[in-house]
Amino acid sequence: MAKDRIADPWGTRTPYGRGEQWPTRVDTHLREGFAAQAVDQWVQTASIMHSNGDAFDVAVADGRMVGVRGRAADRVNRGRLGPKDLFGWQANSSPDRLTRPLVRENGELVPADWDTAMERIVAHSKYLLSEQGPSAIGFYTSGQLFLEEYYTLGVIAHGAIGTNHVDGNTRLCTATAAEALKESFACDGQPGSYADIDHADVIALYGHNMAETQPMLWARVLDRMAGDDPPAIVCVDPRPTKVAQYATVHLAPLPGTNVALMNGLLHEIIGNDWIDHDYIDRHTVGFDELRDRVAEYPPEKVAGICDVPADDIRRAARLLGTAEALLSTVLQGFYQSHQATAASVQVNNLHLIRGMLGEPGCGLLQMNGQPTAENTRECGADGDLAGFRNWNNDAHIAELAQLWNIDVNQIPHYAPPTHAMQMMRYAEQGSLRMLWISATNPAASLPELERIRSILSQDRLFVVVQDIFPTETTALADVVLPAATWGEKTGTFTNVDRTVHLSDKAVEPPGEAKADLDIFLDYARRMDFRDRDSRPLPPWQDPESAFEAWKKCSAGRPCDYTGLSYDKLRGGSGIQWPCNAEHPEGTERLYTGGAFFAAPQYCESFGKDLVTGAPLEPTAYRAMNPAGKAIIKAARYLTPHESPRPDYPFALITGRTLYQFHTRTKTARAPQLDAAAPQVWVEISQQDADALNIAEGDLLKVSSPRGGLHAKARVSGIRPGVLFVPFHYGYWDAAPETRADHDRAANELTLTDWDPASKQPIFKTAAARVEVLTKGTGSPAPAPTTTASGPLGADIPATVGGATASATETLDTAGERP
Ligand SMILES: Nc1nc2c(c(=O)[nH]1)N[C@H]1C(S)=C(S)[C@@H](COP(=O)(O)OP(=O)(O)OC[C@H]3O[C@@H](n4cnc5c(=O)[nH]c(N)nc54)[C@H](O)[C@@H]3O)O[C@H]1N2
Ligand SMILES: Nc1nc2c(c(=O)[nH]1)N[C@H]1C(S)=C(S)[C@@H](COP(=O)(O)OP(=O)(O)OC[C@H]3O[C@@H](n4cnc5c(=O)[nH]c(N)nc54)[C@H](O)[C@@H]3O)O[C@H]1N2
Ligand SMILES: [Mo]
């Protein structure tokens, strides 16, 4: 059957009952007028526009992409595709791709050949290494490249150059997921499985708008809701998301109060003795401190802090406390909010005290956001070392030195790796002199853009930007390198629930664009990096040899890939790590039976103080947790650093809409997606709109102490006192004469502040005000009606896609019900 998948992003229901298998539904979209018989080849891949890992095949005809079809055999999506995957691939063949390197001459970026561009980078690197040493050079990468590329970059940066300044935009994204896992389990790595949705009787989503950001995972939840014995849903979000609309209990706390809320829930769960004493005794340390801490947070007190009814807290706690199989997911409403790590750790605590880990339905998903964020972390291309190795454990550094065949002192491990916000600070102060940015657009996505623009445009900072399109950031570069992307190169990546997918090359890249892997390797060869035996470093030359090298690095570590190969990943489903001789078909859940990766000599991290971020010393960790159990860490609620006040009376939050991806370099180039949400807007509650005489569609100025933007008002069901602005809209697609106005991007408003433990910037807690610029613009806000931004007024035309947004759905007849 055919369906307008802009109008209905989630598609047709395939209901199933608790403990049953999720039926398949194969979604296909081909270019308008194109017949499936005319497809030459279907090439295997997975989604690159969210962390879910939805698997599909790209249709190729005459050497061009012409459509997509979900892979029924895959454990993640069983054939389903969301709107970004159905339509987003069109961006690849957009005529304005970067096809030649650019270098800055007399202030202007001009086309150059690869030799010229690369030799500039090499000359600059050599000069800085001899004048100042490795710490003059920094790398800022992504959560959207492939595993092979991160591992290569990590070896070049940590091993060959020896700089500690390596991070990914994962710092903005899932640094808190990683840190929360390290605090509780002393190691990164997602405990849960998506199949836990099939078994859970309660599903709790904390600051996670799954309906819009992992729509096919949400389709799985919707299918459970439509089947026998549906789960209860707990939603914690200040906005009326689709998740909230389906929730049994929706808690809408004031932004930045998550720790208070979590402590209130834990207060009830412990107070009612809904806890597993035996599990706590056998498998955890630190419970007493938690019990004493949360005793200070009775529901009435928490209700006052969060502005949530005390009875709702009790109802939610009862659901969480009495669930037989509880699945929890956590995302940016926690990770990018005040006290990010402390709040996320409380969700881990809830699972630990209820003994709900490692069994069907008892899932804990500290979600990733980006498609390959997991790989940035495990390969050591962010502020971590390859294979979840511990920078504070000399034996782990020695292992890496041996793997890479270099001197142990070449690998920086005198301090925790530098985080992205600190790298920007070093660049601002002048000690960082070269920044190589790959597959991220910081001049739109980092907080406080006026500051970021001034840092990146300094003369003394040499900026290399490796992208596929011209962006706000390429505009500030000294050298721009045109990359080949997903579909034009081969590699692997790993989703939230540790499922590894292979993505094969389907078509040739445009012009002279080169795969990121080839660019990094070309740099290494031109720099003539060598190991101890004078062999080229890194020694591999293509994706598969890089993957084979990574397998060796991962051997014996929690993220063990040794049982995987390109061949094994071709044809069937993705496979979950660890995959090795012991678990040849992968591992569904971690931590079954309370077996953790937390032993002092094995663990990735000794943890940090949640308030100051100070790393724990190895001896202190050993004393606290000699047997390698899970660690229960309590936290006190602290007031946000920037709270609403008379001149900025609103709490400002920023985030996503279903149809757009990040800074829109891809989704703005897919007509169906662009049209569904073409411009920025601001969501405001009816109560606040009435008080300020604001109506739907009025043009507002939204300001914070850092800057302002212009956006039409969407009067929505958002809780009073809170404004929401999507962060997708920057300047690259604005009319050239208006680009310098800097009046569209949410990050003009956000502040330079980060969580003490994870160092993740705080995009979701700031103060703001609104003024009316134009009353009655004659049209509503350009916000979707199908999502959290749905209007309160009934007379607003619904978001639809029309004929070009049609996809076919082939239902598994066994799964179809009357
Ligand atoms: N359509 C789409 N999907 C995507 C992406 C995309 O750009 N577009 N990006 C991908 C990436 S990289 C990521 S990281 C994920 C992000 O996925 P999500 O985290 O689901 O998305 P966000 O919209 O950033 O934030 C989620 C919710 O947090 C709520 N929130 C804000 N402040 C608070 C708070 O203080 N407390 C609580 N409890 N909630 C709060 C917001 O109202 C919002 O609904 O999505 C991935 N999927
Ligand atoms: N205010 C606010 N700001 C936020 C957030 C928020 O919720 N609110 N969320 C944060 C989060 S979670 C994230 S993940 C970040 C995302 O922030 P960014 O990473 O800056 O966003 P993208 O638009 O995904 O940028 C990726 C860039 O890589 C390019 N690219 C795509 N594929 C390839 C490739 O294969 N090779 C190369 N070399 N380049 C490629 C794209 O064209 C694009 O320019 O934003 C963060 N910023
Ligand atoms: Mo993200």
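The values are calculated or read from the model by the stated rules, or taken from the named source; none is laboratory data. What you are looking at is a predicted structure, and each value in this text was computed from that prediction instead of being measured. Positions of Cβ are generated from backbone atoms using ideal geometry, with glycine treated the same way; all protein chains shown enter the neighbour counts. Surface accessibility is based on the protein's heavy atoms, side chains included, excluding ligands, DNA and RNA. Shrake-Rupley method; radii C 1.70, N 1.55, O 1.52, S 1.80 Å.
Counting only protein heavy atoms and using a 1.4 Å probe, the accessible area of HIS199 comes to about 60 Å². Derived scalar couplings between HN and Hα for region 296-307 equal 7, 10, x, x, 5, 5, 5, 4, x, 6, 8, 6 Hz in order, rounded to whole Hz, by the Karplus curve 6.51 cos²θ - 1.76 cosθ + 1.60 (θ = phi - 60°), x for Gly and Pro.
Near ALA483, the amide H atoms lying under 5 Å from its own belong to ASP467, ILE468, LYS514; only residues 5 or more places off or on other chains count, and H is placed 1.01 Å from N. Its residues counted as N, region 224-376 yields a C-alpha radius of gyration over 2.2 N^0.38 Å of 1.02. Among beta bridges identified by DSSP and lying wholly in region 650-787, the antiparallel ones come to about 60 percent. Amide H contacts under 5 Å for ASP74: GLY79, restricted to partners 5 or more places along the chain or on a different chain, H placed in the peptide plane at 1.01 Å from N. When the surface is traced with a 1.4 Å probe over the full set of protein chains, SER454 keeps roughly 70 Å² accessible. Spin-label model, TYR566 to ASN106: label points 7 Å out along the Cα-to-beta-carbon direction sit 4.6 nm apart.
Ligands, DNA and RNA left out, the 1.4 Å accessible surface of region 650-787 is 53% carbon and sulfur atoms. Let me make sure I get this right: for region 650-787, a, b and c are the square roots of the gyration tensor eigenvalues over alpha carbons, sorted descending. Under 1.5 in a/c it's rounded, otherwise prolate if a/b > b/c, else oblate. Which is it? Taking the square roots of the gyration eigenvalues as a ≥ b ≥ c, region 650-787 is rounded.
With K and R counted +1 and D and E -1, the other residues having a Cβ less than 13 Å from that of SER142 yield a net charge of -4. Largest first, the residues ASP795, ASP273 sort by 1.4 Å accessible area into ASP795, ASP273. For region 1-124, the carbon plus sulfur part of the accessible surface works out to 48%, probe radius 1.4 Å. Rounded to the nearest 20, the Cβ-based charge dipole of region 80-188 about its Cα centre (Lys and Arg +1, Asp and Glu -1) stands at 200 debye.
Near LEU723, the amide H atoms lying under 5 Å from its own belong to ALA651, LEU652, ILE653; only residues 5 or more places off or on other chains count, and H is placed 1.01 Å from N.
Qualifying trypsin sites (Lys or Arg not before Pro) in region 426-520, where qualification requires a DSSP coil assignment and no more than 13 other C-beta atoms within 10 Å, comprise ARG460.
Summarising the strand pairing of the chain, around 55 percent of its internal DSSP beta bridges are antiparallel.
Apply the a/c threshold of 1.5 to the C-alpha gyration tensor of region 120-246 and tell me whether it is rounded, prolate or oblate. Note, shape of region 120-246 comes out prolate.
So what's the convex hull volume per residue for the Cα atoms of region 219-304, in Å³? Intermediate results must be reported in sequence, preceding the final value.
On the way: hull volume 12.2 nm³, N = 86.
Output value, Cα hull per residue: 142 Å³.
With θ taken as phi - 60° and the Karplus curve 6.51 cos²θ - 1.76 cosθ + 1.60 applied, the whole-hertz 3J(HN,Hα) list for region 442-449 is x, 6, 10, 9, 8, x, 6, 4 Hz, x standing for glycine and proline. For region 650-787, averaging the sequence separation of C-alpha pairs within contact (under 8 Å, six or more residues apart) and dividing by the residue count gives a relative contact order of 36 percent. Gap in Å between the Cα centre of region 572-634 and the Cα centre of region 455-532? Value for the Cα centre distance between the two parts: 32 Å. Using Cβ point charges alone (K and R +1, D and E -1), the dipole size of region 650-787 about the Cα centre works out to roughly 320 debye. The residues of the chain expose, per residue, 31 Å² of accessible area to a 1.4 Å probe. Per-residue Karplus couplings for region 635-643, computed as 6.51 cos²θ - 1.76 cosθ + 1.60 with θ equal to phi - 60°, are listed in order as 8, 8, 6, 10, 6, x, 5, 10, 9 Hz, Gly and Pro entered as x. In this calculation the C-beta distance from GLN601 to GLN429 is compared with R0 = 60 Å, giving a FRET efficiency of 0.95. Rolling a 1.4 Å probe across all protein chains gives CYS362 an accessible area of roughly 10 Å². Per-residue ellipticity at 222 nm computed for the chain from its helices equals -7500 deg cm²/dmol, with DSSP H segments shorter than 4 residues left out and the rest contributing -39,500 (n - 2.57).
For a test of the definition: using alpha carbon positions, the gyration tensor, and the 1.5 limit on a/c, classify the chain as rounded, prolate or oblate. In terms of gyration-tensor shape, rounded.
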